[in-house]
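Undergrad: Structure in structure tokens, see below.
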Amino acid sequence: MRYKPGQNEESQKVETGCWVVIQAVDGNISVTYKIVPDECAEPATGRISALSPLGAALLGHIPGDSVEFVAHRAARTVRILKVIPTLPAQR
């Protein structure tokens, strides 16, 4: 399932288990992460903890939202480009 304009926004909220495509507001490179429980996090493979600064900041937001978080003592802002819910069989 992929985001489609006009699709129910509730189903497009970032939650644990989904994939999210983000872009720094001051950059042009997009990055895709899967939001996972803390014990499943592997940042090198794109799986970030829902408890990490970025993961926690993204939770509950939808495509188009800009989200600010603090990492390494610096405030950063990213824009959510797409939320890809994980199908039940893939969780």
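Undergrad: May I ask you to derive the FRET efficiency for D65 and T86 from their Cβ-Cβ distance with R0 = 22 Å, giving the value to the nearest 0.05?
TA: The computed FRET efficiency comes out at 0.65.
Undergrad: While we're here: In nm, give the distance between the simple-model label positions of A44 and H72, each being 7 Å from the Cα along the Cα-to-Cβ direction.
TA: Computed distance between label sites A44 and H72 equals 1.8 nm.
Undergrad: Using only the Cα atoms of the stretch 9-86, construct the convex hull and provide its projected area averaged over every direction, in square nanometres to one decimal.
TA: 4.8
Coordinate-derived values only; no laboratory data. In this text the structure is predicted, and so the values were computed from the model without any measurement. Neighbour counts run over all protein chains shown; Cβ positions are idealised from the backbone, glycine included.
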